[in-house]
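Here the structure comes first, spelled out in structure tokens, and everything after it is commentary.
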Amino acid sequence: MKPVAVLVATIAALGALCWQVARTLDAPPDPLDAKVAAAKRFLYYVVEPDSGPEFALTGKERVLHLMSHAVLPPLAYDPARQVVYGFRLTLVAGGKDTWRHDVYTRSRQSKSGVAEGRWLTENAFALDPRVQVGDDRTLIVRFPFPVAAGTRLRVRLLGEPREALVRLYSVEPRPRAGLALSSLSPADREALTTELSFTPWDRLDADERLARLKTREVRVAAEGKDGRDFRTRPLYYTGFRLPGAESVATPPLLVTPTRGLAANVVGPGSVLVTLMRAAAGDAPAHLTVTSLGEGQEPAPQALEVPRDTIAVTRTVPVAVGLHSLQLATDAREGVIVSLAPDGGLRPFFGPTLGPDEVTVDAVVVEPGVDPPAIEVAGPDDLLTRVVRVDVRFLAPDGAAIAPIVGALSADIVDERGGLVGRQTISLGNIPSAFEKAILPGGQEQRVTEPASVRLIVPPRGKKVVVRTGSRALVRAFALLTLAAAPDTFDAPYRDAVLVKTMWRYAPLDERTWVPLRLPAPLDRQARLVAQVRLEPSPAEATPAAEGVSLPPEGSPERQLVLERTRADEPWQDGQGMMSGVTLNRKVALAHRGGAAILPYWVLGPAETNLGEEVAVTVDGADAGTFRVTSTRGQWQLPPMPAGPHALEVRTDAPSLRVLVDQPAGGERYALRNVYPATRPLTVTARKPSAAPLAVDIIVYAAAPGPDDRTVFDVSVDGGVPRRLEGVLVSQITSSGKRMPLPPADRPPIVGFADARGGAGLYPRLLAVGLGDDLAPGAHRVTVTQRSGARTWVRFFALADTTRPEQAFQVRRIEGADE
């Protein structure tokens with residue numbers, strides 16, 4: 001019987017096991033197990049300020065991708081927390097350091113959903129919940145010269161965190177056998193596309209597919225043994241990002257004469273504005289609502305504020321599209337405001353209709369207190385020796401909207417603390433209505449708009465010591481690249497298509513300047529709170545300046561085009577400006593004095609216009625009778641005194657266009673020399689002083705929209721401009737930039753003036769800044785088109801540029817030994 005009992009027990013156990021397995025299969029999966037199963041597991045190298053891996057290079061590497069996660073301190077999760085960190089990269093060959101370069105980035109932490117006290121979704125995570133890491137960041141490292149085989153790359157940590165995790169990849173061309181789509185599995189195709197975008201493979205065009213196929217990332221291993229020469233740590237990666245995690249909506253309730261409120265909304269719809277005076281007062285007051293966006297905006301709306309503390313609600317309509325509503329008041333006591341969407345209106349960011357605020361770190365600098373010092377990595381690379389300093393002076397709450405002026409001093413010292421050079425400037429700006437400082441202890445203080453200066457530190461300089469003549473908030477930045485890659489915003493800000501406006505303080509995903517953490521004690525560490533909002537773009541906000549045409553070197557092909565001028569373009573004598581003349585009707589003429597020229601063109605069949613008579617009168621008196629003898633020509637009128645006149649051109653010619661080279665009441669045109677961009681074109685721009693000079697390149701293309709495939713490379717002085725070192729400047733010149741064709745920003749040209757065709761060419765602007773880091777004198781700007789598109793260009797220089805911060809600076813150079 002015993003064997004039978006054993007058999008029965010075995011069958012029962014197997015049945016129980018099968019029942020448990022079936023129950024397990026039917027049960028929903030554990031969310032935490034599903035989280036781990038869906039993530040990719042990678043082995044990372046641990047990098048600290050004084051230790052980390054050294055990677056063995058083969059000599060073929062020119063571009064590296066450094067993937068990293070900052071290890072965060074054990075604090076409560078905050079989606080608004082940002083961490084700035086970087087890496088010191090050193091090439092070691094033959095036991096000697098041969099090249100060094102510092103790169104920086106900024107990260108946050110993305111998490112979503114909680115179950116059993118654990119996060120369900122994270123950008124990256126370890127199985128040990130005590131290990132918290134920031135979102136992944138990719139830094140692109142380009143060597144300025146070929147690297148010899150056997151060279152090692154040393155990586156050390158810079159910035160706030162005490163530890164970071166990294167993986168290193170070399171970007172290499174794929175073998176030609178791998179350039180066929182058929183050579184990749186469906187999984188490999190998707191992996192290839194997700195390296196740079198979220199667009200499925202089947203939705204990529206042929207050019208984009210080929211670009212993905214041409215290169216591949218190859219993992220670079222560290223040299224040595226794990227646990228002895230370096231340390232590793234496994235990490236699970238999902239790539240999840242919390243949109244807009246750096247900006248948390250915290251709408252203020254109080255609007256004062258010195259503190260405004262900005263809310264970004266998407267219409268159409270209305271905003272219900274509930275307002276109440278903060279304290280009873282007899283003086284009449286208003287809450288002014290100003291809308292700024294891409295469309296036609298209404299005039300600012302002034303809402304009356306009740307004299308007593310009684311709440312009233314008013315409706316403010318909002319048009320279609322994205323707008324920034326800016327609220328200001330003249331009520332001395334302030335106005336308590338709440339906003340609510342109505343009629344389909346929605347906030348652009350976040351669930352609450354209020355300001356999008358960002359918070360960044362800053363240091364309080366004041367006379368008589370130990371000043372902060374900025375570490376300089378150089379002298380190996382120019383980029384490591386360029387620093388930027390933003391200064392915001394603390395403003396009294398009752399300060400008027402007028403510039404507050406102060407002094408900034410920068411001492412450049414060597415590794416022994418000796419003075420290399422000293423620069424002192426006076427600078428200032430107006431108080432900001434949308435920024436505030438939170439000082440140590442939590443006190444809020446008004447600040448000015450930023451005034452920025454740049455400094456190229458001489459090779460002997462190792463630190464820059466910053467002092468101010470009055471109490472100020474200071475932030476420092478390192479230059480990441482001199483290339484033209486524009487800063488890119490985080491979602492959803494990067495998805496907004498802006499032409500007339502631009503974002504102010506929108507969180508950045510990729511940036512040209514990276515913030516540096518200045519060493520300062522706790523009693524001088526402050527925060528800057530700014531409201532994200534739209535502002536007019538510089539092209540819209542800055543009045544048109546008078547330009548000087550720049551002809552290209554050599555003798556390239558040239559065409560004369562006739563184009564309508566912009567409404568804000570000032571009249572410039574000698575720059576091809578013309579006014580349209582309406583035939584057989586009197587036209588008001590603001591004559592500049594002397595003889596006037598009347599260019600003409602036959603627009604229709606020649607046989608119906610040639611031979612026709614044209615009679616011209618000025619102020620009712622005969623000024624000449626002419627005949628149309630060619631399809632293009634000009635007539636000259638007798639000299640007449642400067643001042644207003646009445647011009648009339650009478651003719652029976654059915655299709656004749658007549659212009660006058662004087663300001664008149666008709667539509668204004670300009671005759672421009674344009675050059676085909678079929679080969680490199682070089683112009684010489686002369687800086688008359690140390691002030692920045694803008695070289696504007698007008699590109700004419702057959703379509704009005706942007707075109708990423710038509711790219712222009714622009715270089716200054718052959719890519720190696722000589723810069724002023726040890727001098728505080730407002731603008732750093734890019735030695736070379738690559739710019740895709742932007743959308744047209746003005747009407748199409750009328751056509752070529754002396755040849756058929758050209759009608760329908762759409763002009764747009766490419767701007768090149770020659771900063772005050774370049775000495776006065778001649779500088780060569782070269783433009784090369786990198787596509788086969790038929791485009792035309794012309795060049796002109798603007799004598800000065802207006803900075804968007806509206807800051808001003810007066811430099812005083814004190815004694816220096818270099």
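The values are calculated or read from the model by the stated rules, or taken from the named source; none is laboratory data. All values reported here derive from a predicted model rather than from experimental measurement. Quick reminder, even Gly has a Cβ in these numbers, built from the backbone with ideal geometry, and neighbours come from all protein chains shown. Side chains included, ligands, DNA and RNA excluded: accessible areas come from the protein's heavy atoms. Shrake-Rupley method; radii C 1.70, N 1.55, O 1.52, S 1.80 Å.
Annotations
- Highest-first arrangement of 314-326, 413-425, where packing means the average Cβ count within 10 Å: 314-326, 413-425
- Neighbourhood charge, 10 Å Cβ-Cβ cut-off, centred on residue 230 and excluding it, Lys, Arg +1 and Asp, Glu -1: -1
- Simple spin-label estimate for residue 634 and residue 58 gives 6.5 nm between the two label positions (7 Å along the Cα-to-Cβ direction from each Cα).
- Per residue accessible area of the range 577-732, 1.4 Å probe, in Å²: 45
- Highest average packing first - 613-621, 445-453, Cβ atoms within 10 Å: 445-453, 613-621
- Extent along the principal axes, Cα only, for the range 360-469: 46, 27, 24 Å, with the longest axis given first.
- Here the range 605-637 is scanned for amide nitrogen atoms under 20 Å from the site 7 Å beyond the Cα of residue 573 along Cα-to-Cβ, giving 635-637.
- Shown are 524, 228, whose ranking by accessible area with a 1.4 Å probe and every protein chain present, most to least, is 228, 524.
- Net charge, residue 779 excluded, C-beta distance under 14 Å - Lys, Arg +1, Asp, Glu -1: +1
- Peptide ranges 384-395, 689-700 listed from the most packed, as the mean C-beta count within 10 angstrom indicates: 384-395, 689-700
- Label-to-label distance, nm, for residues given as residue 375 and residue 30 (7 Å Cα→Cβ offset): 4.3
- One decimal place: the segment residue 241-residue 548 gains 105.7 nm when fully extended, by the rule 0.36 nm per residue minus the C-alpha distance.
- If you take the alpha carbon atoms of the range 301-365 and fit the smallest convex hull around them, that volume is 159 Å³ per residue.
- Zero-based 10 Å bins, Cα pair distances in the range 681-744, whole percents: 16, 43, 29, 12, 1
- Reach of residue 687 by Cα under 25 Å, taken over lysines that are not fewer than 8 positions away in the same chain: 737
- Debye intensity ratio I(q)/I(0), log10, the range 600-702, q values 0.19 Å⁻¹ (C-alpha model): -1.01
- Solvent-accessible surface of the range 33-146, averaged per residue with a 1.4 angstrom probe and all protein chains in place: 46 square angstrom.
- Given their separation in residues at 0.36 nm each and the Cα-Cα distance between them, residue 775 and residue 603 gain 57.0 nm when the chain is fully extended.
- Ellipsoid semi-axes in whole angstrom, largest first, where each is sqrt(5λ) of the Cα gyration tensor of the range 111-168: 34, 12, 10
- Residue 96-residue 51 pseudo-label distance in nm [points 7 Å out on the Cα-to-Cβ vector]: 3.0
- FRET E, pair residue 438, residue 288, Förster distance 22 Å, beta-carbon r, rounded to 0.05: 0.25
- Between the beta carbons of residue 414 and residue 116, assuming R0 = 45 Å, the FRET efficiency works out to 0.20 to the nearest 0.05.
- The slack between residue 558 and residue 500, meaning 0.36 nm per residue of separation minus the straight C-alpha distance, is 17.7 nm.
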